């Protein structure tokens with residue numbers, strides 16, 4: 001689901017708004033959790049997967065929140081305006 005939400009975020013043009021959440025979820029939570037599970041809890045390769053799993057879950061939650069707060073009417077209006085401008089530029 002995070003992959004689907006990632007596409008929606010890109011389509012909405014709000015990637016800049018969520019990029020720090022992605023960095024934080026992996027670098028602050030995901031990587032340390034992987035390290036802790038692998039080396040401190042002796043879970044080996046199995047423990048490696050806990051970090052990315054947590055990071056994906058956190059991303060999904062942030063993306064869902066950003067999508068639910070998006071102004072869909074504004075996005076639609078901006079897209080129509082952009083399409084009209086491109087059509088005018090292409091017409092002879």
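How far is it, in nm, from the label point at residue 46 to the one at residue 61 when both lie 7 Å from their Cα along the line to the Cβ?
Output for this residue pair reads 2.5 nm.
Could you state the angle between the C-alpha long axis of helix 50-69 and the longest principal axis of the C-alpha atoms of the chain, as a value from 0 to 90 degrees rounded to the nearest 10?
So the helix axis and the longest Cα principal axis differ by about 30 degrees.
With axes computed from alpha carbons, what is the tilt in degrees of helix 15-24 against the longest principal axis of the chain, rounded to the nearest 10 within 0 to 90?
Long axis of 15-24 versus the principal axis of the chain: about 0 degrees.
Roughly speaking, what is the stretch gain from residue 69 to residue 89, that is 0.36 nm per residue apart minus the C-alpha to C-alpha distance, in nm to one decimal?
Numbers: separation 20, 0.36 × 20 = 7.20 nm, distance 3.28 nm.
Fully extending the segment from residue 69 to residue 89 adds 3.9 nm.
Mind sorting out which of (1) 49; (2) 20; (3) 63 is the real percent of Cα pairs over 21 Å apart computed from the coordinates?
So the structure-derived entry is (1).
Tell me, what is the percent relative contact order of the chain, built from C-alpha pairs under 8 Å that lie six or more residues apart? Present the calculation step by step, with values, prior to reporting the outcome.
Working: 65 pairs, mean separation 31.1, N = 92.
Taking the mean separation of contacting Cα pairs over the length of the chain, I get 34 percent.
Nearest 500 deg cm²/dmol is fine: what mean residue ellipticity at 222 nm does the chain get from its DSSP H runs of n ≥ 4 alone, each adding -39,500 (n - 2.57), divided by its residue count? Walk me through the intermediate numbers first.
Numbers: 6 runs with 70 residues, N = 92.
The per-residue figure over the chain is -23500 deg cm²/dmol.
Given springs between every Cα pair under 10 Å in a Gaussian network model of the chain, which of 63, 36, 26 has the largest fluctuation?
Maximum among the listed residues: 36.
Calculate how steeply helix 2-12 sits against the longest principal axis of the alpha-carbon atoms of the chain, using the helix alpha-carbon long axis, and give the answer as 0 to 90 degrees to the nearest 10.
Between the helix axis and the principal axis of the chain, the angle is about 30 degrees.
No value in this document is a laboratory result; all are computed from the given coordinates. As the structure is a computational prediction, the values presented were derived from the model and not from experiment. Backbone-built Cβ (ideal geometry, glycine too); neighbour counts: all protein chains shown.
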